[in-house]
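Here the structure comes first, spelled out in structure tokens, and everything after it is commentary.
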């Protein structure tokens, strides 16, 4: 780029989607003229995504003029949690024997992710992204803990966690659609809280369209602390 490196390649997504995938830094992009940014965007076989706080209306207008469109309103929630030392029945850390089942759940049980909501991305591709995402835990490339929920010796859900300093980030959570509304999601969140030796903050992001997920987190004391629009651009 001539002035600012306002897009950066996402190598992982590029490999999965078999196209050039980039993230855009909206603050750097807006230091340039609209015409310059437009000319700088890749013209073929590319996908760019950008996150913009909902309060930055000017940034949203700027992106829309470039041909970006909103696919998701991301809600970030958090809670302060004290140590919760309690054994949660049939909820445990993952083992390598669970890998195939966990990957299967990730592949088949997401509906509201930004990839699934984007009409320009096939559901099969959106499913593959989630499948590869959780499989990276077993490859040692993503996440610090992975909790699973059992029912009659069958894994019915998983919770992928990233530890950042004293904070815990819920990176990915899913329950098999055949076993939802049985408390599996709640049990995995309580199991996460049992990891604490002291007060900690749990952070999670979800979609405004995902009402069941928002209700689950509110039930466990999570509160909204910010929100962003997710924009996509395809060429």
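Taking segment 179-208 as the region of interest, how many residues are under 20 Å from residue 150 (Cα atoms) and in contact with a strand residue (DSSP E or B) (Cβ under 8 Å, 6 or more places away or on another chain)?
Of the residues in segment 179-208, the ones under 20 Å from residue 150 (Cα atoms) are 179-195.
When the remaining residues are screened for being in contact with a strand residue (DSSP E or B) (Cβ under 8 Å, 6 or more places away or on another chain), the result is 179, 182, 184-185, 187-193, 195.
Residues that pass the stated criteria total 12.
Pairs meeting the criteria (first residue in segment 135-154 and in the same structural domain as residue 180 (by TED's automatic domain parsing), second residue part of a loop (DSSP other than H, G, I, E, B), beta carbons under 6 Å, at least 6 apart or on different chains) are 136/142; 137/143; 146/94; 148/94; 150/90. On the stretch given as segment 101-125, residues that are more than 13 Å from the chain's Cα centre (by Cα) and in a loop (DSSP other than H, G, I, E, B) total 6. Test residue 23 against the stated conditions and say whether it is part of a strand (DSSP E or B), surrounded by fewer than 19 Cβ atoms within 10 Å (Cβ to Cβ) and not assigned by TED's automatic domain parsing to the domain that holds residue 180. Considered against the rule, which asks whether it is part of a strand (DSSP E or B), surrounded by fewer than 19 Cβ atoms within 10 Å (Cβ to Cβ) and not assigned by TED's automatic domain parsing to the domain that holds residue 180, residue 23 comes out as yes.
For segment 169-211, name all the residues that are within 19 Å of residue 73 (Cα to Cα) and without any contact (Cβ under 8 Å) to a residue 12 or more places away in the chain. Once the filter is applied, which keeps residues that are within 19 Å of residue 73 (Cα to Cα) and without any contact (Cβ under 8 Å) to a residue 12 or more places away in the chain, segment 169-211 yields only 211. Do the conditions hold for residue 217, that is, is it surrounded by 15 or more Cβ atoms within 10 Å (Cβ to Cβ), in a strand (DSSP E or B) and either modelled with pLDDT of 95 or more or more than 19 Å from the chain's Cα centre (by Cα) (or both)? In short, no. In the condition set (1) surrounded by 15 or more Cβ atoms within 10 Å (Cβ to Cβ); (2) without any contact (Cβ under 8 Å) to a residue 12 or more places away in the chain; (3) not assigned by TED's automatic domain parsing to the domain that holds residue 221, residue 57 is compliant with all but (1). Among the residues making up segment 25-51, those that are touching a residue at least 60 places away in the same chain (Cβ under 8 Å) and under 24 Å from the mean Cα position of the chain (by Cα) are 45, 46, 47, 48, 49, 50, 51.
Looking at segment 126-205, the strands (runs of 3 or more DSSP E) lying wholly inside it that each contain 1 or more residues that are at pLDDT below 95 sit at 154-164, 167-175.
The values are calculated or read from the model by the stated rules, or taken from the named source; none is laboratory data. Everything numeric here is computed off the predicted structure, so don't read it as measured data. Here the Cβ is made from the backbone with ideal geometry for all residues, glycine too, and neighbour counts use every protein chain on show.
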